[in-house]
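Chemist: The structure under discussion is supplied below as structure tokens; questions concerning it will follow.
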Amino acid sequence: GERIIIIGAGQAGLQIAESLRAEKFEGEILLLGEERVAPYQRPPLSKAWLAGETATDKLTLRGPEFFVTKAIDLRLGAHVTEVNLAAREITLADGETLDWTGLAFATGASARRPNLEGADLPGVCVLRGLKDAREISARLAAAKRIVVVGGGFIGLEVAAAARKKGVEALVLEAQDRLMARAVTPKISDFFADLHRARGVDIHFGAQVAALEGSDAVSAVALADGGGFDADLVVFGIGASANDAIAARAGLACDRGVIVDSCARTSAPNVVAAGDCTVFHANGAAIRLESVQNAVEQGKAAASALLGREKPFVATPWFWSDQYDVKLQMAVSGAGVDLQVARPSGENAFSLFNYRGEKLISVESVNRPGEHLLARKLLDAGLSPAPDAAADPTHDLKSLLR
Ligand code: FAD
């Protein structure tokens with residue numbers, strides 16, 4: 001009979017399994033995950049969970065009965081070490097081999113670790129999974145001061161959670177603004193002000209040279225000779241795609257498993273979805289690390305395994321929660337040359353970003369309803385006139401009718 005094996009039981013892997021059943025696949029589905037936890041949400045790990053506002057069981061994506069009723073064979077603690085494309089086999093760490101008629105890579109990404117002296121000292125952490133989050137949480141409870149290296153989403157969310165717990169927080173960022181890869185300077189400035197108002201010390205242009213300490217980390221040394229005391233250091237310096245097994249098996253990879261617009265890899269009956277993938281659009285290699293992308297590609301991957309073409313193109317969408325501020329971004333292009341603010345009271349606004357006359361992205365701060373509407377405009381390729389976007393009394397919904 002038919003058997004589809006999914007490597008990686010995270011957001012994307014679960015979506016593939018779920019979509020296969022939704023599309024009436026009746027063969028066997030094996031969902032293999034090396035973590036010993038059923039598929040869970042990662043976003044809260046740096047947000048509400050770390051701040052102590054959400055319980056661990058609330059992170060679970062689907063309860064045990066789901067896997068039973070959908071006949072999805074979820075195997076935890078199952079680490080796939082080898083894939084043989086010609087023989088249509090995979091090998092697990094314990095030596096077991098399993099054969100497949102269809103295969104999906106949903107192996108996610110790994111947090112980048114610093115290659116610095118002292119990086120292996122206890123108290124030097126990265127954040128990717130529940131295990132990491134538990135360690136950071138335990139250390140935060142005893143910490144006086146945390147140094148966060150990297151002023152991106154995860155680093156800033158960790159700093160915000162630390163402040164909520166009354167821990168001193170310092171953010172070291174190599175560039176000259178926060179979240180520089182993902183947001184426009186106005187948003188960077190807004191969040192720098194927000195963090196400073198909450199007592200976070202932010203240093204730009206900072207190059208970490210080494211971690212110091214004897215039994216555990218006690219200080220961060222900078223390249224310019226300066227340094228800061230710390231009893232916990234969290235690096236939020238990006239993630240790399242887990243594509244080693246795919247590459248060894250002979251799949252085309254380039255800092256990620258290369259997929260086409262339908263989540264197909266370079267081999268027949270083999271798909272990939274989520275953080276482990278890279279795809280080409282508009283001449284650029286794109287890696288999206290977001291729940292939305294994992295879900296969209298997961299659906300496309302399931303369809304592709306069943307021989308149906310369902311391109312995953314959608315407007316990339318991301319959010320971040322820092323303190324009581326929700327940031328949301330939807331992006332359909334780059335090269336902003338006009339930015340229009342749509343104000344709506346203190347700490348709440350949207351930025352409508354244009355290239356020429358075309359709306360290409362929208363960034364919203366504490367405006368979830370307006371953001372949803374803006375996403376619909378972007379998805380539909382509709383561009384409100386900048387004057388209309390700037391006028392909070394102008395009803396943007398009228399464009400969608
Ligand atoms: P993962 O969820 O990482 O799942 C991959 C799984 O595969 C892992 O469990 C891994 O152990 C397993 N695996 C890997 N190799 C093997 C192997 N050889 N054998 C067996 N199993 C294997 N996204 C947002 O959109 N919004 C947010 O606010 C947001 N916040 C985030 C905060 C944090 C702290 C983190 C870490 C991520 C955040 N993300 C956020 C990103 C989002 O969580 C990821 O994009 C999403 O989890 C990707 O899903 P995935 O299935 O591709 O990868």
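The values are calculated or read from the model by the stated rules, or taken from the named source; none is laboratory data. These figures come from a predicted structure and were not determined experimentally. Here the Cβ is made from the backbone with ideal geometry for all residues, glycine too, and neighbour counts use every protein chain on show. Only protein heavy atoms, including side chains, enter the accessible area calculation; ligands, DNA and RNA are left aside. Shrake-Rupley method; radii C 1.70, N 1.55, O 1.52, S 1.80 Å.
Chemist: Springs between alpha-carbon pairs under 10 angstrom, Gaussian network model over the chain: which of Glu363, Glu212, Glu346 fluctuates most?
Modeler: Comparing Glu363, Glu212, Glu346 in the GNM, the peak value goes to Glu346.
Chemist: Springs between alpha-carbon atoms under 10 Å, Gaussian network over the chain: tell me which of Gly307, Gly236, Gly123 tops the mean-square fluctuations.
Modeler: Gly307
Chemist: Further question: Rounded to the nearest whole Å², what accessible area per residue is found for the stretch 150-283 with the 1.4 Å probe? Spell out each step's value before the answer.
Modeler: Values: 5580 Å² over 134 residues.
Spelled out: the 1.4 Å probe surface of the stretch 150-283, per residue, equals 42 Å².
Chemist: While we're here: Once ligands and nucleic acids are excluded and a 1.4 Å probe is used, how much of His394 is accessible, expressed in Å² to the nearest 10?
Modeler: Solvent-accessible area, nearest 10 Å²: 80 Å².
Chemist: Please give the per residue volume of the convex hull enclosing the alpha carbon atoms of the chain, rounded to a whole number of Å³. Intermediate values should be presented prior to the final figure.
Modeler: Numbers: hull volume 62.5 nm³, N = 401.
Dividing the Cα hull volume of the chain by its residues yields 156 Å³.
Chemist: Here is a further query. Could you tell me whether the stretch 106-174 comes out rounded, prolate or oblate from its Cα gyration tensor? Rule is a ≥ b ≥ c as square roots of the eigenvalues, rounded for a/c under 1.5, then prolate if a/b exceeds b/c, otherwise oblate.
Modeler: On the way: a/c = 1.40, a/b = 1.31, b/c = 1.07.
Cα axes put the stretch 106-174 in the rounded bin.
Chemist: How large is the charge dipole for the stretch 1-99, taken about the Cα centre, if only the Cβ atoms of Lys, Arg (+1) and Asp, Glu (-1) carry charge, to the nearest 20 debye?
Modeler: Details: 11 positive and 16 negative charges, 89 e Å.
For the stretch 1-99, the charge dipole is close to 420 debye.
Chemist: Quick check: residue separation of Arg401 and Ala22 times 0.36 nm, minus the Cα distance between them. What number comes out in nm? Walk me through the numbers before you get to the answer.
Modeler: Numbers: separation 379, 0.36 × 379 = 136.44 nm, distance 3.11 nm.
Extra length available between Arg401 and Ala22 comes to 133.3 nm.
Chemist: Let me ask you something else. List, largest first, the extents of the alpha carbons of the stretch 113-235 along their principal axes, each in whole Å.
Modeler: Principal-axis extents of the stretch 113-235 (Cα, largest first): 42, 31, 24 Å.
Chemist: Once Rh is set to the Kirkwood radius over Cα pairs, what Stokes-Einstein translational diffusion coefficient, in µm²/s, holds for the stretch 324-400 at a temperature of 10 °C and a viscosity of 1.306 mPa s? Let's see the in-between values first.
Modeler: Numbers: Rh = 12.2 Å.
Diffusion coefficient, whole number: 131 µm²/s.
Chemist: Please list the non-local residues whose amide H lies under 5 Å from the amide H of Cys125, H modeled 1.01 Å from N, same-chain partners needing a gap of 5 or more.
Modeler: So Cys125 has HN proximity to Val233, Val234, Phe235.
Chemist: Could you please put Arg198, Arg128, Arg342 in sequence from largest to smallest accessible area, using a 1.4 Å probe? Don't skip to the end; give the middle numbers.
Modeler: On the way: Arg198 90, Arg128 60, Arg342 15 Å².
Listed by decreasing accessible area, they come as Arg198, Arg128, Arg342.
Chemist: GNM, the chain, Cα, under 10 Å: largest mean-square fluctuation among Thr277, Thr265, Thr97?
Modeler: Looking only at Thr277, Thr265, Thr97, the largest GNM fluctuation is found for Thr97.
Chemist: May I pose another question? Calculate, for the stretch 324-400, the solvent-accessible area per residue in square angstrom, rolling a 1.4 angstrom probe over the heavy atoms of the protein chains.
Modeler: On the way: 3620 Å² over 77 residues.
Here the per-residue accessible area is 47 Å².
Chemist: Using a probe of 1.4 angstrom, how much of the accessible area of the chain is carbon and sulfur, in percent? Intermediate values should be presented prior to the final figure.
Modeler: Working: 8890 of 18050 Å².
Percent of accessible area from carbon and sulfur atoms in the chain: 49.
Chemist: Can you flag which of Lys58/Lys164; Lys47/Lys358; Lys144/Lys164; Lys131/Lys186; Lys131/Lys164 are past 23 Å Cα-Cα? Display every interim value, and only then the final one.
Modeler: Values: Lys58/Lys164 20 Å; Lys47/Lys358 34 Å; Lys144/Lys164 13 Å; Lys131/Lys186 35 Å; Lys131/Lys164 21 Å.
Listed pairs above 23 Å: Lys47/Lys358; Lys131/Lys186.
Chemist: Right, another one. In deg cm²/dmol, rounded to 500, what helix-only [θ] at 222 nm does the chain give when every DSSP H run of at least 4 residues adds -39500 (n - 2.57) and the total is split over its residues? Intermediate results must be reported in sequence, preceding the final value.
Modeler: Numbers: 9 runs with 94 residues, N = 401.
Per the formula, -7000 deg cm²/dmol.
Chemist: According to the square roots a ≥ b ≥ c of the eigenvalues of the Cα gyration tensor, what is the shape class of the stretch 21-116, taking rounded for a/c under 1.5, prolate for a/b larger than b/c otherwise, and oblate for the remainder?
Modeler: Details: a/c = 2.51, a/b = 1.33, b/c = 1.88.
It is oblate, given that a/c is not under 1.5 and a/b is not larger than b/c.
Chemist: Once you charge only the Cβ atoms, +1 for Lys and Arg and -1 for Asp and Glu, what is the size of the charge dipole of the stretch 198-250 about its Cα centre, to the nearest 20 debye? Present the calculation step by step, with values, prior to reporting the outcome.
Modeler: Working: 2 positive and 7 negative charges, 65 e Å.
Using only the charged Cβ atoms, the result is roughly 320 debye.
Chemist: Return the distance in nm (one decimal) between the two label points of a simple spin-label model at Ala380 and Ala267, each offset 7 Å from Cα along Cα→Cβ.
Modeler: 4.4 nm
Chemist: Using the Cα centre of the chain as origin and beta-carbon charges of +1 (Lys, Arg) and -1 (Asp, Glu), tell me which of Val217, Val362, Ala9 is placed farthest towards the positive end of the dipole.
Modeler: Val362
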